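Undergrad: Submitted below is the structure of interest, expressed as C-alpha cells.
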Amino acid sequence: TVSFVSGHDCQGRVEYGATAALGQVADEGAARQLHHIELATLQPATSYHYRVSCGSVGPSKSHRFETTASAPAGVKLVALSDSQDSGESGRWGDVAQEISASHGDADLLVFAGDLAFNDAPGLWWTFFDRARELLASTVILVAPGNHDTPGVTSSADTTSIERYFPGGGATHYSLQVGSALLLALDSE
C-alpha cells in the first residue's frame, strides 16, 4: 500500500513498474485528501519504481522499493520506538538518515509505538516529513503507543494511527515474513 497526503480532495494514482518506465497504474475509487492505494500485482523479490499523482497535481519524483522473496532465507528488519519529535530537535530526522545510511537495505521498519510526539496533525506531519525518503522506500509495520493516541496518557482510541496506517490500529496482529514471525501488541 502506497500512502500519501494531497492537501485537497482528488483521486489519487500510483504509476509503478519493475523499470523506471513504470507501465502499471493503480487508481483510487474516490476523491480524498489522505490516500492509501494498494498495489495488488506485485511479484516477490522484485525492485519497483513508483510515483504518485492526484488529479492535476503531480506526478511526484520517482521512488523505489523492493518486495521480499516468497520464501526469503533471511529478513533484515529495523525495530524502533519513540521516534517522537516535537519539531524542534530534528532528532527523528537524524535517526531516519542514519537508518537509511546504515540499514538502507532493510526489508521492514517495525515501530513499537510512539511514532509522533503527540497525537496532533502537525506532529504527525513532523514524523512523516523528517523521514520522507526512508518511508518512501521501506515497508512499515506499526503498533500504537500512548503518544499515538489522544492525550499522551493511556487511551484505547487508535483513530489517528488507523488513519495513517490502515490496519495499524488493530489491538494485535501477526505477520509471517520468511522464517520471522512478527507479533504486534497494542500497549494501550
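The values are calculated or read from the model by the stated rules, or taken from the named source; none is laboratory data. Every value quoted in this text rests on a predicted model; they were computed, and no experiment measured them. FYI the Cβ positions are ideal-geometry reconstructions off the backbone, even for glycines, and counts take in every protein chain you see. The protein model used for the area step is the full one, side chains on, heavy atoms only, and it has no ligands, DNA or RNA in it. Shrake-Rupley method; radii C 1.70, N 1.55, O 1.52, S 1.80 Å.
Undergrad: When you go through VAL14, VAL25, VAL57 one by one, which is the residue that is open to solvent by less than 70 Å² (accessible area, probe 1.4 Å) and either out of contact with any strand residue (DSSP E or B) (no Cβ under 6 Å at 6 or more places or on another chain) or modelled with pLDDT of 90 or more (or both)?
TA: VAL14
Undergrad: I'm checking my understanding of the structure. Among residues of the range 97-127 that are open to solvent by less than 50 Å² (accessible area, probe 1.4 Å) and assigned to a helix (DSSP H, G or I), which one is modelled with the highest pLDDT?
TA: Top of the filtered list is ILE99.
Undergrad: Out of all the residues in the range 1-45, which are outside any strand (DSSP E or B), free of Cβ contacts under 8 Å to residues at least 40 places away in the same chain and among the small types (Gly, Ala, Ser)?
TA: ALA18, ALA21, GLY23, GLY29, ALA30, ALA31, ALA40, ALA45
Undergrad: Does the range 68-75 contain any residue that is under 16 Å from the mean Cα position of the chain (by Cα), exposed (fewer than 14 other Cβ atoms within 10 Å of the Cβ) and closer than 24 Å to GLN176 by Cβ?
TA: No, the range 68-75 contains no residue that is under 16 Å from the mean Cα position of the chain (by Cα), exposed (fewer than 14 other Cβ atoms within 10 Å of the Cβ) and closer than 24 Å to GLN176 by Cβ.
Undergrad: If you don't mind, another one. Looking at the range 1-42, which of the residues that are in contact with a helix residue (DSSP H, G or I) (Cβ under 9 Å, 6 or more places away or on another chain) and aliphatic (A, V, I, L, M) is farthest from HIS63 (Cα to Cα)?
TA: Only one residue fits best here, namely LEU34.
Undergrad: Regarding HIS172, is this residue open to solvent by less than 40 Å² (accessible area, probe 1.4 Å) and closer than 23 Å to HIS36 by Cβ?
TA: When the stated conditions are applied, HIS172 does not pass them.
Undergrad: Out of the residues in the range 128-161 meeting the condition of being among the small types (Gly, Ala, Ser) and closer than 16 Å to LEU80 by Cβ, tell me which one is surrounded by the most Cβ atoms within 10 Å (Cβ to Cβ). Can you show your working first?
TA: Our first condition is that a residue be among the small types (Gly, Ala, Ser); within the range 128-161, this holds for 131, 136-137, 143, 145, 151, 154-156, 160.
Within this subset, residues satisfying the condition of being closer than 16 Å to LEU80 by Cβ are 131, 143, 145.
Working: ALA131: 23, ALA143: 28, GLY145: 22.
Looking at the filtered set, the residue picked out is ALA143.
Undergrad: On to the next question. Anything in the range 68-96 that is among the β-branched types (Val, Ile, Thr), out of contact with any helix residue (DSSP H, G or I) (no Cβ under 8 Å at 6 or more places or on another chain) and either at pLDDT 90 or above or in a strand (DSSP E or B) (or both)? List them, or say none. Lay out the reasoning, then the answer.
TA: First pass over the range 68-96, keeping only residues among the β-branched types (Val, Ile, Thr): 68, 75, 78, 95.
Restricting the remaining residues to those that are out of contact with any helix residue (DSSP H, G or I) (no Cβ under 8 Å at 6 or more places or on another chain) gives 68, 75, 95.
Correct list: VAL95 only.
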